[in-house]
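This report concerns only the one structure given below.
What follows is calculated from the coordinates using simple rules that are stated; it is not laboratory data. Only a predicted model underlies this, so the values are computations on that prediction, with no experimental measurement involved. Methodologically, a virtual Cβ is constructed for each residue, glycine included, from the backbone with ideal geometry; neighbour enumeration extends over all protein chains shown.
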Protein chains: 2
Amino acid sequence: MGFDLEGADPLCIQLADELERRIRTGVYAPGRRIPSASDLCEEFSVSRQTSNSALKLLKERGLARGVSGRGTFVVDDVPEPS
Amino acid sequence: MGFDLEGADPLCIQLADELERRIRTGVYAPGRRIPSASDLCEEFSVSRQTSNSALKLLKERGLARGVSGRGTFVVDDVPEPS
DNA sequence: GCCCATTTGTACGTATGTATG
DNA sequence: GCATACATACGTACAAATGGG
């Protein structure tokens, strides 16, 4: 099934890294919707606050944008890794 | 009321010993939550740092495990005294 | 237009864990 | 040992936006 977050980094960072990996490997394609914060809670067994923080990090990295009431979407042009 | 810490050992050790006694006598049952560090501060009139150190000792003794944002819990299988 | 479920976004209180003086 | 501060995380709650019926 899912994925285990067990590293030393904060959970929200680990989760953001995993989501970034999925974007870069095409699991979440450009323009497509990322699972909702609530869905991520279940998959990764974290609180919604933590998935929220992870999604926020993705936006700060320029990888996703949130649309209130609809979801969080991968940007059309994924920037290179910094 | 509660309990007085007046022995020769460091406070955090005395507090850890008392908590271990409570675990072994079933006051804190396996899987149940131990009062928070802040609660222990009040009961034993020590600083949060000291209750923190005591809880850390409990974890090192394999008697408890901490869950960030939720509390410190007695392990399901309490090991024999060393 | 009006409910209702879903989702993002924000906020508050509590708790652990760590670091500094 | 104590006091304080900060980062992270959980639980809960609520507002606002969206879209289907």
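Quick look at the values:
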quantity: Contacts under 8 angstrom Cβ, first residue in region A:61-73 being on the phi > 0 side of the Ramachandran plot, partner more than 13 Å from DNA strand D (Cβ to nearest atom), 6 or more apart; calculated: A:G62/A:V75; A:G62/A:P79; A:G71/A:I34
quantity: Unmet requirement for B:R24, which otherwise passes all of (1) surrounded by fewer than 17 Cβ atoms within 10 Å (Cβ to Cβ); (2) in contact (Cβ under 8 Å) with a residue 24 or more places away in the chain; (3) under 29 Å from A:P10 (Cβ atoms); calculated: (3)
quantity: Members of region B:68-82 found to be over 15 Å from B:Y28 (Cβ atoms) and either surrounded by 10 or more Cβ atoms within 10 Å (Cβ to Cβ) or within 14 Å of another protein chain (Cβ to nearest Cβ) (or both), listed by number; calculated: B:S68, B:G69, B:R70
quantity: Any hit, region A:66-81, residues being closer than 28 Å to B:G69 by Cα and either away from DNA strand D (no atom under 13 Å from the Cβ) or of a type in the set (A, V, I, L, M, F, W, C) (or both); calculated: no
quantity: Total residues in region B:38-81, condition under 19 Å from B:D9 (Cα atoms), β-branched (V, I, T) and within 11 Å of DNA strand C (Cβ to nearest atom); calculated: 1
quantity: Check on A:E60, away from chain B (no Cβ under 14 Å) and loosely packed, with under 12 Cβ neighbours inside 10 Å; calculated: yes
quantity: Among residues of region B:34-60, those that are farther than 22 Å from B:P81 by Cβ, away from DNA strand D (no atom under 12 Å from the Cβ) and in contact (Cβ under 8 Å) with a residue 24 or more places away in the chain, counted; calculated: 1
quantity: Given (1) more than 18 Å from A:V74 (Cβ to Cβ); (2) loosely packed, with under 12 Cβ neighbours inside 10 Å, index of the condition A:G31 fails; calculated: (1)
